[in-house]
1. How high is the FRET efficiency between B:Glu70 and B:Glu347 when r is their beta carbon distance and R₀ equals 41 Å, given to the nearest 0.05?
2. Given label points at 7 Å from Cα along Cα→Cβ, what nm distances, shortest first, separate A:Pro170 from the same residue in every other copy?
3. Residue farthest toward the positive end of the dipole of the protein assembly as shown, with Cβ of Lys/Arg at +1 and Asp/Glu at -1: which of A:Tyr269, A:Trp206, A:Trp322?
4. Please report, for B:Gly258, the nm distances (one decimal) from its label point, 7 Å out from Cα along the beta-carbon direction, to the equivalent points in the remaining copies, shortest first.
5. Among the lysines, select those whose C-alpha is under 19 Å from the C-alpha of A:Lys175, and discard any that sit fewer than 8 residues away in the same chain.
6. Given label points at 7 Å from Cα along Cα→Cβ, what nm distances, shortest first, separate A:Tyr299 from the same residue in every other copy?
7. Using +1 on the beta carbon of Lys and Arg, -1 on that of Asp and Glu, and nothing else charged, what's the dipole of the protein assembly as shown about the Cα centre, debye to 20?
8. Using only alpha carbon pairs under 8 Å that are at least six residues apart, calculate the relative contact order of region B:189-286 and give it in whole percent.
There are 2 protein chains.
Amino acid sequence: MTLDQGAGASHAPALRYHRIGSFEPELGGSLQAVTLAYETWGELNDAADNAVLLVHALTGDSHAAGGSSEGYRRGGWWDPMVGPGLAVDTEEYFVVCSNVLGGCSGSTGPASAEPGTRRPYGMRFPVVTIRDMVRAQRRLLDALGVRKLALVAGGSIGGQQALEWAVEFPDFVEKAVPVAATGALGPQGVGMSEIGRRAIMADPDWRGGDYYSTERRPDRGLAIARMAGMMTYQSAAGQWERFGRRPAGRPALHPEFGGRFEIESYLHYQGSELSGRFDANSYLYLSRAMDLYDVASGYESDEEAYSRIEAEVLFVGITSDWLFPAAEVWDAAEKARAAGAQAHYAEIDTKSGHDAFLKDWKELTEAVEPFISKNHKS
Amino acid sequence: MTLDQGAGASHAPALRYHRIGSFEPELGGSLQAVTLAYETWGELNDAADNAVLLVHALTGDSHAAGGSSEGYRRGGWWDPMVGPGLAVDTEEYFVVCSNVLGGCSGSTGPASAEPGTRRPYGMRFPVVTIRDMVRAQRRLLDALGVRKLALVAGGSIGGQQALEWAVEFPDFVEKAVPVAATGALGPQGVGMSEIGRRAIMADPDWRGGDYYSTERRPDRGLAIARMAGMMTYQSAAGQWERFGRRPAGRPALHPEFGGRFEIESYLHYQGSELSGRFDANSYLYLSRAMDLYDVASGYESDEEAYSRIEAEVLFVGITSDWLFPAAEVWDAAEKARAAGAQAHYAEIDTKSGHDAFLKDWKELTEAVEPFISKNHKS
């Protein structure tokens with residue numbers, strides 16, 4: 001067991017690193033030395049069964065809570081949900097959040113140096129899956145002395161992991177809250193994802209993934225990928241309300257072409273913002289893991305997979321989500337219930353789209369807090 | 001009046017060219033010599049009032065009907081709708097379809113040589129609008145001796161033009177059928193469109209639009225734009241049915257990355273197919289015209305614009321359309337009716353999405369044929 005404080009700690013005081021060692025991804029290849037970056041809040045109890053694992057979204061990181069700091073000016077991604085007296089009460093729970101395997105915020109990913117070569121992996125990094133991410137997290141939790149997860153929760157790719165946790169480690173999880181996620185992403189989501197990957201790979205600065213030693217990064221491609229991603233995170237109704245057909249208020253980041261709409265300016269900004277903080281290869285690998293996730297993978301059927309679940313599961317759908325439509329989240333809950341799992345479904349009624357799990361705090365709290373506090377031992 | 005048979009005629013026997021002369025686009029700039037490529041079917045009657053104008057979609061052309069030929073292996077884009085005894089009966093009507101201003105299938109567009117320079121315009125081509133396209137078409141119809149349009153019909157950007165025809169030239173149009181179009185595209189559509197434009201402009205082979213004299217075209221960028229477009233032309237339900245999460249059956253056009261889904265292979269194929277037949281700059285200009293179209297432009301309000309209409313208008317919505325959602329098409333019909341226009345609404349119930357106007361022939365015929373044949377003089 002190795003629990004380190006790594007090089008990034010100077011920027012993010014609470015960030016820790018754990019070397020889980022070698023790792024064999026389920027689809028092949030191998031990783032000799034894997035590190036997970038993580039943060040914790042609260043204290044593990046003597047029974048070591050009050051742990052909560054929070055799982056971040058595609059471009060998120062381990063800073064789920066703790067407010068803003070030098071390394072995290074935007075604050076924690078679930079700040080209004082995690083803290084004393086909040087839905088995830090840090091006076092009750094020992095809360096853990098780690099950057100996923102394949103990520104670029106402290107954990108081993110394609111931008112990490114390949115042992116022996118000292119060169120970043122680039123596309124030599126093996127394809128990793130949602131299950132791989134969960135298995136890596138399990139090793140971290142074991143190292144932290146956690147004996148049982150009172151709760152695992154996350155949205156989107158984090159929701160896929162929350163679900164997979166309940167399937168992969170049935171006796172380790174008491175409650176799971178997958179938000180805006182299903183057992184398998186639909187073809188529209190895969191298609192949008194592929195548009196983004198294609199834009200990254202078409203960027204001449206991508207160089208087959210080996211851009212780390214060059215001056216330029218595939219920023220334009222990553223920005224387009226982010227633009228495509230943002231479209232799937234919002235709803236048509238929400239965009240009408242927020243942007244409508246208004247002309248851009250802020251300066252255009254790109255040459256004008258018959259004027260500029262606010263929605264375009266917004267997308268350009270989001271694209272540029274992500275390029276400044278995220279690794280394009282990580283985007284490829286993590287988005288691919290989202291596409292590839294199928295809860296039934298390795299089992300005979302969805303039913304067999306869901307029948308493994310011992311945890312009580314709350315599936316949370318978002319009415320205006322088109323990446324993981326509420327009807328499909330509901331369907332996943334139904335399948336799990338039919339397979340014998342204690343599965344519940346709650347719905348957040350909002351125009352915010354997929355992103356509601358990162359902004360509609362009141363509705364989110366109302367949806368998940370009763371489930372989390374139900375049967376609480378303390 | 002100049003009605004020519006141009007250079008492209010050897011490949012498409014029925015294609016004709018008409019020089020409408022100089023043209024002043026409404027947003028500025030000027031074009032010294034504009035040509036429109038067009039085809040016709042049927043005969044103009046003595047009263048010159050049996051003309052039908054069909055208006056093509058974004059990447060369409062003047063070959064609305066007439067089946068497949070050397071230049072049009074895929075046939076006419078409305079073949080099942082146009083012909084003797086069909087919804088648009090060529091024994092009754094004189095049917096005209098022209099390639100739009102700004103297009104690349106015979107009409108003057110950014111790939112055309114700029115008079116005086118003999119260089120293609122590229123991005124020096126002025127921004128053109130839906131209204132410009134309609135005004136250019138009017139000049140063609142005048143040259144053909146048409147005194148009145150018995151009908152103007154089209155889908156998507158063609159639907160925008162059908163609507164604009166009724167607004168811009170009220171006393172020239174008897175019936176208009178805008179399909180899958182509204183008075184103004186929503187921010188989600190504009191956003192998806194911008195993703196495509198950004199991909200084209202990020203392609204190093206685009207060269208600021210001046211790629212015509214080079215060996216390479218911005219094919220990768222245009223392919224990504226097409227992929228984004230295709231996503232908006234289909235529905236989630238339709239894609240589940242058609243592609244699901246099945247692995248690709250045909251060879252991958254790009255390197256594998258953890259497998260390949262059928263939806264990806266399909267998108268790659270569509271992207272590659274368009275790159276082989278369409279000009280990237282035209283894609284920029286035409287998609288921009290779609291974004292910019294606002295029926296109220298130049299008027300005080302939507303109401304003032306719609307109140308100009310003298311034609312009887314049938315708005316056709318498609319239940320699974322997310323580029324121009326049925327609810328927004330219905331809303332446009334309501335606004336037109338409230339403003340005093342004879343506006344009707346019909347809906348095509350299908351999983352085909354926006355593209356239904358180019359494939360769901362039975363449903364489309366049922367929706368529009370009664371409207372077209374109603375009060376027919378013959």
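Each reported figure results from applying straightforward, stated rules to the coordinates on display, with no laboratory input. Given the structure is predicted, the values throughout are model-derived calculations rather than measurements. Note: ideal-geometry Cβ built from the backbone for every residue, glycine included; neighbour counts use all protein chains shown.
1. Working: r = 38 Å, r/R0 = 0.93.
Step by step, r from the Cβ atoms, then E = 0.60.
2. List, nearest first: 7.2 nm.
3. Looking along the dipole axis, the top candidate is A:Trp206.
4. In nanometres, ordered from closest: 3.7.
5. Answer for A:Lys175, where 19 Å is the Cα cut-off: A:Lys148, A:Lys335, A:Lys374, A:Lys377, listed by chain and number.
6. 5.7
7. Numbers: 72 positive and 102 negative charges, 448 e Å.
With Lys and Arg at +1 and Asp and Glu at -1, about 2160 debye.
8. Numbers: 107 pairs, mean separation 29.5, N = 98.
RCO, region B:189-286: 30 percent.
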